[in-house]
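Chemist: Submitted below is the structure of interest, expressed as C-alpha cells.
Only the coordinates and a few stated rules stand behind these numbers; no lab work does. This is a predicted model, so every value here is computed, not measured. Here the Cβ positions follow ideal geometry from the backbone for every residue, glycine too, while neighbour counts run over all protein chains shown.
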Amino acid sequence: MGEFAVELTDIENLVVRLRDMIDAVDRIVSELDSVASAVLSQWTGSAADAYAAAHADWLTSAHDLTVEITNVRIRAQQAQSSYVDSISTNLKMLGRI
C-alpha cells in the first residue's frame, strides 16, 4: 500500500494565501472601480455606455472570482480540520493520547 502524507502547515499557508488573494482582488477592484467611476462621470455617448456595460460585467466576474476563492479557502480549512480530527482519533485508538 502506498504512503499518504499531509503537511498541515502547507494547508494553513494555503488558507492564508487564499485570504490574501481575496484581499488583493478586493483592493484592486475597489481602486479600478473608483477610477472607472471618475472617468464615466465625465464621459458620455455610446462608447461610455459600452464601457460602463463592460465594466459592470467585469465587476460581476471579479466578484464571482472572490466567491470561488472563498469557497476553496473554506474547503481547505475544512480539510485541515478533518485531518487534525483524524490524526487525533487515530492517536487515541493507538493509545498515544
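Chemist: Exposed loop GluC sites (Glu not before Pro) only (DSSP loop, at most 15 other Cβ atoms within 10 Å): please give the longest stretch of the chain free of them, not including the sites. Walk me through the numbers on the way to the answer.
Modeler: Values: sites that count: Glu3, Glu7.
Segment 8-97 is the longest.
Chemist: Given the -39500 (n - 2.57) contribution per DSSP H run of 4+ residues, what per-residue ellipticity at 222 nm results for the chain, rounded to the nearest 500 deg cm²/dmol?
Modeler: On the way: 2 runs with 81 residues, N = 97.
Using -39500 (n - 2.57) per qualifying helix, the result is -31000 deg cm²/dmol.
Chemist: Can you pull out the chymotrypsin sites (Phe, Trp or Tyr not before Pro) in the stretch 33-65 whose DSSP state is coil and whose Cβ has at most 14 other Cβ atoms within 10 Å?
Modeler: On the way: sites: Trp43, Tyr51, Trp58; in loops: Trp43.
Those that pass, being in a loop and sparsely packed, are Trp43.
Chemist: Starting from 0.36 nm per residue, how many nanometres of slack lie between Asn13 and Val35 once their C-alpha separation is accounted for? List each step's numbers first, then the result.
Modeler: Values: separation 22, 0.36 × 22 = 7.92 nm, distance 3.29 nm.
Answer, rounded to one decimal: 4.6 nm.
Chemist: Using alpha carbons only, how many degrees (0 to 90, rounded to 10) separate the axis of helix 8-40 from the longest principal axis of the chain?
Modeler: The helix 8-40 is inclined about 10 degrees to the chain.
Chemist: Using +1 at the Cβ of each Lys and Arg and -1 at the Cβ of each Asp and Glu in the chain, identify which of Ala36, Thr60, Thr70 lies farthest towards the dipole's positive end.
Modeler: It is Thr70.
Chemist: Quickly work out the Ala48-to-Val25 label distance, labels modelled 7 Å from Cα along the C-beta direction, and quote it in nm with one decimal.
Modeler: Inter-label distance under the simple model: 3.1 nm.
Chemist: Tell me which label goes with the value of Rg and Dmax of the Cα atoms in Å computed from the coordinates here: [x] 23.1, 76; [y] 14.0, 44; [z] 22.0, 75.
Modeler: Given [x] 23.1, 76; [y] 14.0, 44; [z] 22.0, 75, the structure-derived one carries the label [z].
Chemist: How large is the charge dipole for the chain, taken about the Cα centre, if only the Cβ atoms of Lys, Arg (+1) and Asp, Glu (-1) carry charge, to the nearest 20 debye?
Modeler: Details: 7 positive and 14 negative charges, 91 e Å.
Taking the Cα centre of the chain as origin, the dipole is about 440 debye.
Chemist: Suppose R0 equals 30 Å. What FRET efficiency, 1/(1 + (r/R0)^6) with r the Cβ-Cβ distance, do Ala56 and Ser81 give to the nearest 0.05? Mind dumping the intermediate values first?
Modeler: Details: r = 38 Å, r/R0 = 1.26.
So, using R0 = 30 Å, E works out to roughly 0.20.
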